[in-house]
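> So that we are looking at the same thing, I have put the structure below in structure tokens.
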Amino acid sequence: MKPPKIILGLSLAVLTAASVANAQVAAPSVPVPLPAPPVSEPFAPEIARFAELDAASPPPACAYLFVGSSSIRFWKSLNEDMAPYPTINRGFGGAHVSDVDLYFDRVVAPYKARAIFFYAGDNDLWTGKSPETVLSDFRKFMDLKTRKFGDALPVYFIAIKPSKQRFSQLALQGQVNSAIRTLGASRKDLRFVDVVPVMLEAGSPKDIFIGDGLHMTPAGYALWTSVVRPVVEADAKTDNACNAAVQKKKGPLDWLWGKKS
């Protein structure tokens, strides 16, 4: 009778093993938390591109630095519109004021600008930020500018523009514009450049926008040029550190040629 016991024992062993195997398969696996993916910097490719441009062709010193969101980025005729005054375009699409703060060391600090023209704020409001937050972020930009360059370097804030797409936010935009205009009245290094009046007709945005109703056509930039260029021309007549640097670069006999001319 031993063989049947052996057979029975083997059968039980096989059934037990199968049961354990099934139990292992059926048992829910305990999820193992994966490490969070690294948070990539917003606008990293555009910021890296600026560094590549600088390495390939170092920008001129004492140029007018235009920084901010896509309204600056898409100002393709900027160099021609401001000629013969040199310009540097460091606008990156979709930027908030806080993004310019974040990348200050890469889009502002590397350049020995004569003046800074700043445009941002409408993206901030459109995504739900309050006028107070936009103003606070811009105050931070001014603090960063002052710590790096002092009070002598002027900043020109181009007013948040009225557009077809975001015309419902005209009142919020006006709050930011008014606050920065007031801030400029208390600071010698900040001026407000109001492009709003030339962009409106009978209280509505002029037909100066591409299909998205947000970004401007060349006609829109022509209007901006009509307001901004006189500011550049007036600034170019003022004495500042850039003028002093140019004077230092003159040769020992330059005074003679200047006297003859």
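> Evaluate the charge dipole of the stretch 87-150 about its Cα centre and quote only its size in Debye, nearest 20, assuming +1 on the Cβ of each Lys and Arg and -1 on the Cβ of each Asp and Glu.
420
> So, one more: Along its three principal axes, how long is the stretch 53-233 when you only count alpha carbons? Whole Å, largest extent first please.
The Cα atoms of the stretch 53-233 stretch 42, 34, 26 Å along the principal axes, largest first.
> At a 10 Å Cβ-Cβ cut-off, how would you order LEU172, LEU102, fewest neighbours first? Please list the in-between numbers first.
On the way: LEU172 20, LEU102 17.
In order of increasing Cβ crowding within 10 Å: LEU102, LEU172.
Read-outs throughout are calculated quantities, based only on the coordinates presented, and are distinct from any laboratory measurement. These figures come from a predicted structure and were not determined experimentally. Here Cβ is always computed from backbone atoms with ideal geometry, including for glycine, and neighbour counts include all displayed protein chains.
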